[in-house]
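The values are calculated or read from the model by the stated rules, or taken from the named source; none is laboratory data. A quick note: this is a predicted structure, and the numbers were derived from the prediction, not measured. Cβ coordinates were reconstructed from backbone atoms using ideal geometry, including for glycine residues, and neighbour counts include every protein chain displayed.
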Amino acid sequence: MKKLKLLVFFALLALPLLSVFAQRNRELYIYTWEEMFPQEILDGFTRATGIKVVLETFVYNEDMLMELEIKEGGYYDLVIADDYIVDFVISEDQLARKLDKKKLTNLKNINPVFQHQFYDPSDEYTIPYGAGVQTIVYDPSKIRSEVTGYGDLLNSALQNNVGIIGNYRVINGMALKALGKSYNTENVADINAAGQWLQRFAGNVKVVDDEHLQQDILNGNVGAAVVYTSMATAAKAGKPNLKMVFPKEGIGFGIMPAFIPVKAPNSNAAHAFLDYIMDPRRGAQCFEYLGYYCTFKASEQYISEANKESLILPGFRNFEMIENLSQEAEDAHVRIWKAFLAASKAEVRN
């Protein structure tokens, strides 16, 4: 009788835990930035699977990494972040698990251009969800001379009339490409030469904004801007006569990989969600909302005509991934960036 009472007692204790586990199996915790998925995609996934999507957001990649380290690769089921930080997640911290590709029937829909990258050379851990490309947008009604590349931004007619994003590797890289060098050079002399190029450019820069620069070109605060893909998409949507330029010297691009943490409580739901968004039509819906380049080749045919220029990567191959560098090269980049900002006297918002 005593044994029976004990069994009943422990069974009652276990009920709340079983309830928690059952609930967790019906939830998918995604950790990423704000506004990464249209609500109808999230609702559609819930209707199709019965799994509720819970979104938690971060602002900086480094915050994501710290949170993932604290949780030892648990709690979250799916994470989307920038390529350079995912490189650390996989190679150093080992906080990502290998994908179970048998559960991903839509893998064939990925554009191979965005695969086999430095952070995941064998595509074992990640799915590319959107890519950002460095572009120039300018208003031909305010900028009379044609802009075809970075060199044109040195034109004295553009004094105090250019906006730039606040990513120093992208802007320093722009200077390196203008000099015929790689974004990823380890040669400090080349980086210093890029610093001299930026000093010549400084007087033309009016604003540095890493989040809302498209507003400056839409409201006429600047006539030209070096922007991320999503900003170019938003600017063109607001003012279709703007010209978008893929600089002739070459462009840098970054990818936002999705990965499943090593101790994800609901990895099955994560796989199901990845497969769901890789459907061609749903993928197109995601990228139209996201405003970044479509990384699913099968989705390109469903991108609207108005957004094809902004969301489908052009056929040329004069681009380069921006990768992690040695500490010496990184320090040189920080040094020339600070000197450039001091020389520009621009409004720095972020």
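Remarks
- Tallying residues that are in contact (Cβ under 8 Å) with a residue 12 or more places away in the chain, in a loop (DSSP other than H, G, I, E, B) and of a type in the set (D, E, K, R) within the stretch 125-180 yields 3.
- Here Met244 clears all of (1) surrounded by fewer than 24 Cβ atoms within 10 Å (Cβ to Cβ); (2) touching a strand residue (DSSP E or B) at 6+ places or on another chain (Cβ under 7 Å); (3) under 28 Å from Val89 (Cβ atoms); (4) not small (Gly, Ala, Ser) except the condition numbered (3).
- Only listed residue being within 18 Å of the chain's Cα centre (by Cα) and among the hydroxyl-bearing types (Ser, Thr, Tyr), chosen from Thr49, Thr57: Thr57
- In the set Val53, Val79, only one residue is modelled with pLDDT of 95 or more and touching a helix residue (DSSP H, G or I) at 6+ places or on another chain (Cβ under 6 Å); that residue is Val53.
- Among the residues of the stretch 142-167, those that are touching a strand residue (DSSP E or B) at 6+ places or on another chain (Cβ under 7 Å) and either closer than 15 Å to Val222 by Cα or surrounded by 20 or more Cβ atoms within 10 Å (Cβ to Cβ) (or both) comprise Ile143, Val147, Leu153, Leu158, Asn160, Asn161, Val162, Gly163, Ile164, Ile165.
- Among the residues listed as Ala270, Ala264, the single one being part of a helix (DSSP H, G or I), in contact with a strand residue (DSSP E or B) (Cβ under 9 Å, 6 or more places away or on another chain) and surrounded by 23 or more Cβ atoms within 10 Å (Cβ to Cβ): Ala270
- Subset tally (residues that are touching an Asp or Glu at 6+ places or on another chain (Cβ under 9 Å), assigned to a helix (DSSP H, G or I) and buried (at least 17 other Cβ atoms within 10 Å of the Cβ)) for the stretch 303-328: 2
- Residues satisfying the stated conditions in the stretch 316-344, i.e. within 19 Å of Val207 (Cα to Cα) and in contact (Cβ under 8 Å) with a residue 40 or more places away in the chain: Val334, Ile336, Trp337, Ala339, Phe340, Leu341, Ala343, Ser344
- Residue match in the stretch 206-215 (condition: within 16 Å of Glu249 (Cα to Cα), out of contact with any strand residue (DSSP E or B) (no Cβ under 8 Å at 6 or more places or on another chain), surrounded by fewer than 21 Cβ atoms within 10 Å (Cβ to Cβ) and free of Cβ contacts under 8 Å to residues at least 40 places away in the same chain): no
- Flag if Pro280 is modelled with pLDDT of 95 or more, of a type outside the set (Lys, Arg), closer than 26 Å to Glu67 by Cα and not assigned by TED's automatic domain parsing to the domain that holds Val162: no
- Only one of Asp77, Asp100, Asp82 that is in contact (Cβ under 8 Å) with a residue 40 or more places away in the chain, outside the structural domain of Asn167 (by TED's automatic domain parsing), crowded, with 20+ Cβ neighbours inside 10 Å and charged (D, E, K, R): Asp77
- The set of residues from the stretch 203-224 being within 23 Å of the chain's Cα centre (by Cα), over 14 Å from Val348 (Cα atoms) and not in a helix (DSSP H, G or I) comprises just one member, Ala224.
- Of all the listed residues (Ala224, Ala189), the sole one being under 28 Å from Tyr60 (Cα atoms) and at pLDDT 95 or above is Ala224.
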